[in-house]
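Novice: Handing you a structure now.
Since every read-out is calculated from the coordinates, none of them should be taken as a lab result. Because the structure is a prediction, the values reported are computed rather than measured. Virtual Cβ from ideal backbone geometry, glycine too; neighbours counted across all protein chains shown.
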Amino acid sequence: MEEQLITFKTAKLAKEKGFDVEDEYYYIEDLKIQGIFPTQTILQKWLRDKHQIFVEVNTDCTSSPKFSFNIRQFIGNPKNLSEREWEWISPVQNENWGLDRTYELSLESGLLESLKLIKDELVK
């Protein structure tokens, strides 16, 4: 089984938001190296660890499998879970995006939308 690489569009936005991970994969367009392509798993872990943003993929089993995503963000200090200092929010509602045919397409959409939530001023 092979890890799924993120798209160039997602990689570009991730880099703008402070994601800086080296990987062995490169995006080649017109025989020029355009950027480093990490996997969906690596980006998903970075979103969780750095920004407390969680992307989960759901399965719709009505006829053939179809997939959608949810995004949740943990606000607060995960080391101090007193009721006044933390909460979960769902900053993005994906009802209008429909369903994707594969798990990977849905995860990619969720990762891209998650990156859009990161405020530029928070990036170091």
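Novice: By per-residue mean of other Cβ atoms within 10 Å, what is the highest-first order of 59-65, 6-12?
Specialist: Ranked by mean Cβ neighbours within 10 Å, highest first: 6-12, 59-65.
Novice: Near the amide H of G18, under 5 Å away, which other amide H atoms are found, from residues 5 or more places off or on another chain, if H is placed in the peptide plane?
Specialist: The list, which skips near neighbours in sequence, is empty: none.
Novice: Where a Cα-Cα gap under 20 Å defines reach, which lysines qualify for K119, not counting those fewer than 8 residues away within the same chain?
Specialist: K9, K12, K15, K17, K45, K50
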